[in-house]
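Have a look at the structure below before the remarks.
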Amino acid sequence: QVELVESGGRLVQPGGSLRLSCTVSRFTMAAHNMGWFRQGPGQERELVAAITWDNRIYAGHFVKSRFTVSRDNGKNKVWLEMTNLEPEDTAVYYCAASTAGDITSITSYDYWGQGTQVTVTS
């Protein structure tokens with residue numbers, strides 16, 4: 001069974017940085033697109049950033065170069081580097097794997113982790 005496990009979420013002050021990790025098991029990550037999504041309180045889940053199997057990157061409109069997604073297929077890991085965090089970035093962050101379809105569409109993702117909480121507050 002495919003498993004995605006996120007880690008790295010915690011409470012951080014505005015302006016701070018975090019690095020989220022996603023470890024993937026029982027899935028050939030190298031051939032597929034990977035994404036990070038987030039869901040804030042009372043909000044819909046939205047794309048943060050995604051990376052194709054050949055390392056092209058797509059980012060949500062709110063990212064504004066603050067976040068960077070990367071992957072290491074040999075380690076079965078995906079990372080999300082976040083800088084200059086704002087209270088509006090508070091959300092549960094999810095790692096997801098896509099087997100086909102538009103990389104920017106949530107419906108293209110077949111496998112999801114349980115999420116990691118990021119809280120940005122002073």
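The values are calculated or read from the model by the stated rules, or taken from the named source; none is laboratory data. What you are looking at is a predicted structure, and each value in this text was computed from that prediction instead of being measured. Every residue, glycine among them, receives a Cβ derived from its backbone with ideal geometry; neighbour counts consider all protein chains shown. Side chains included, ligands, DNA and RNA excluded: accessible areas come from the protein's heavy atoms. Shrake-Rupley method; radii C 1.70, N 1.55, O 1.52, S 1.80 Å.
Taken over region 55-66, the criterion of being among the β-branched types (Val, Ile, Thr) and either assigned to a loop (DSSP other than H, G, I, E, B) or buried (at least 17 other Cβ atoms within 10 Å of the Cβ) (or both) is satisfied by Val63 alone. Taking region 67-90 as the range and being surrounded by fewer than 16 Cβ atoms within 10 Å (Cβ to Cβ) and not in a strand (DSSP E or B) as the test, the residues that pass are Gly74, Lys75, Thr83, Asn84, Glu86, Pro87, Glu88.
With the structure loaded, tell me whether Gln1 is more than 14 Å from Leu80 (Cα to Cα) and at pLDDT 95 or above or whether it fails that test. Talk me through it step by step, then tell me what you get.
Numbers: more than 14 Å from Leu80 (Cα to Cα): yes; at pLDDT 95 or above: no.
No: the conditions fail for Gln1.
Within region 91-109, not a single residue is under 16 Å from Glu6 (Cβ atoms), outside any helix (DSSP H, G or I) and open to solvent by 60 Å² or more (accessible area, probe 1.4 Å).
Would you mind listing the strands (runs of 3 or more DSSP E) fully within region 1-43 where at least 2 residues are acidic (Asp, Glu) and touching a strand residue (DSSP E or B) at 6+ places or on another chain (Cβ under 6 Å)?
Details: elements: 3-7, 18-25, 33-39.
Ranges flagged: 3-7.
The set of residues in region 4-42 being farther than 16 Å from Asp72 by Cα, modelled with pLDDT of 95 or more and not small (Gly, Ala, Ser) consists of Arg10, Leu11, Val12, Gln13, Pro14, Leu18, Phe37, Arg38, Gln39. The condition of being touching a residue at least 24 places away in the same chain (Cβ under 8 Å), farther than 13 Å from Ser98 by Cβ and either in contact with a Leu (Cβ under 7 Å, 6 or more places away or on another chain) or among the polar types (S, T, N, Q) (or both) does not hold for Gly60. Out of all the residues in region 9-22, is one or more in contact (Cβ under 8 Å) with a residue 40 or more places away in the chain and within 12 Å of Arg71 (Cβ to Cβ)? Checked region 9-22: at least one residue is in contact (Cβ under 8 Å) with a residue 40 or more places away in the chain and within 12 Å of Arg71 (Cβ to Cβ). Within region 71-84, residues that are closer than 15 Å to Asn33 by Cα sit with their Cβ atoms under 7 Å from residues that are in a helix (DSSP H, G or I) and at pLDDT below 95, at 6+ positions apart or across chains, in these pairs: Asn73/Met29; Asn73/Ala30; Asn76/Met29.
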